[in-house]
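The values are calculated or read from the model by the stated rules, or taken from the named source; none is laboratory data. These numbers were taken from a predicted model, which means no experiment stands behind them. Quick reminder, even Gly has a Cβ in these numbers, built from the backbone with ideal geometry, and neighbours come from all protein chains shown. All accessible areas refer to the heavy atoms of the entire protein, side chains included, with ligands and DNA or RNA removed. Shrake-Rupley method; radii C 1.70, N 1.55, O 1.52, S 1.80 Å.
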Amino acid sequence: MDPQEFREFLQKREMEIEKIEAALALALRFEAFCGERERMPATASDLSAFSDLLMQEGGNSEENYFTLLLYGRFMRNNPVFVAALELLDGSEVLDNLHRKVGEAYGDEARDELFAGIGLSPLGTPSAEKPAYTSALLERLENRFGQQACKELLANSLRTLPDEYYLEARKKFQQCQDIDAYLEQEGRAFIEMLEEIKREGRLFFSQEITDEVIAFVDQHPEIRQGVRQGNILYAIKIPYMAKHYLAETDETLKRYDYCHCPWVREAIKSGAPQISPLFCNCSAGFEKKRWEVIFDQPLRAEVLESVLAGDAWCKFAIYLPPEKI
């Protein structure tokens, strides 16, 4: 890595000078760590080992993991970039569940629920995350029942500020009607995937190929969503669509599909068992854009999920009839 070029790369992101120098120091330390392991260019396993070291030292901060993600992007090292992204992705989930249980049932009930389980520290490997999910969801269901679990998860455990979706609302308001908006969004999604493929970039964590684009284009529920009356049916693009399309083993196919870092590894290994109730969190994620567009709370339902053994995750989002 050229330190000056990395510094300039960070400057373009308008980072503060002291943060740039701290990020540069961490990146150089990571390279030295990989050099000691005689592994250059760095691999995903190097990132994992370095993360373990940061956790031991108390340096497992969001800022440090974001630096490693930027390092992976700067070096065009996709394995490192993806490994850092997967450590950051959804890291707020248990904190938000902790907060929501306290708000709904009080601090005592919350503390009892998390007793002996706790909150997973940032940097927890993906393989260890399902154990937290399984234990907490089992306790939630036993103590409060399925409906209460759904209500806790209904608005997602992800942190989703309205500001993320204001541009979508603006585009919607500029369209003649919802169907025109859906058609526009479908075209834009395909065009974006085509651009990502041409430039050799990743779509979040995955490679985009002609086969992936064709698959998305053939499924309007993935491409843009399909409206029937006031119900919008939506299916998520596979998390690793290239592998999903090539895989023949049904279990591994569902593993390649799943986006959730808190359950994905359990699908692959078969343990621990996690209730498909948890997928209501994903339904909450899917409806958020539409809640901002219509400026009101909406209901979403899980129709199919890979956690329940289905081939993909399909949701019904109930839009306000008077605004359709």
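Numbers at a glance
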quantity	calculated
Residue 304 long-range amide H proximity, modeled H, under 5 Å	314
Alpha carbon convex hull of region 176-296, volume per residue in cubic angstrom	128
Accessible area, probe 1.4 Å, largest first, for residues 76, 13	76, 13
Listed values [x] 1.18; [y] 0.97; [z] 1.02, entry calculated as Rg/Rh (Cα atoms, Kirkwood Rh)	[y]
Calculated [θ] (222 nm, deg cm²/dmol) that DSSP helices of n ≥ 4 give over the chain, each run adding -39,500 (n - 2.57)	-18000 deg cm²/dmol
FRET E, pair residue 174, residue 198, Förster distance 30 Å, beta-carbon r, rounded to 0.05	0.65
Residues listed by number, region 155-197, amide nitrogen under 13 Å from residue 245 label point at 7 Å toward C-beta	193-194, 197
Residues residue 299 and residue 128, FRET efficiency given R0 of 25 Å [Cβ-Cβ distance, rounded to 0.05]	0.15
Spatially close lysines, pair count over region 241-324: Cα under 24 Å, gap of eight or more or interchain	11
Karplus 3J(HN,Hα) series, Hz, for region 263-274 with 6.51 cos²θ - 1.76 cosθ + 1.60 (x for Gly, Pro)	9, 3, 5, 5, 5, 6, 8, x, 8, x, 6, 10
For region 221-230, 3J(HN,Hα) per residue [Karplus equation, 6.51 cos²θ - 1.76 cosθ + 1.60, θ = phi - 60°, Hz, x = Gly/Pro]	5, 7, 4, 8, x, 10, 9, 10, x, 9
Ranked order, 51, 91 - accessible area, probe 1.4 Å, largest first	91, 51
Relative contact order computed over the chain (Cα-Cα under 8 Å; 6+ residues apart), in percent	15
Kirkwood estimate for region 24-159, i.e. one over the average of 1/r between Cα atoms, Å	16.5
Region 238-324: radius of gyration over Cα atoms, expressed as a fraction of 2.2 N^0.38 Å	1.22
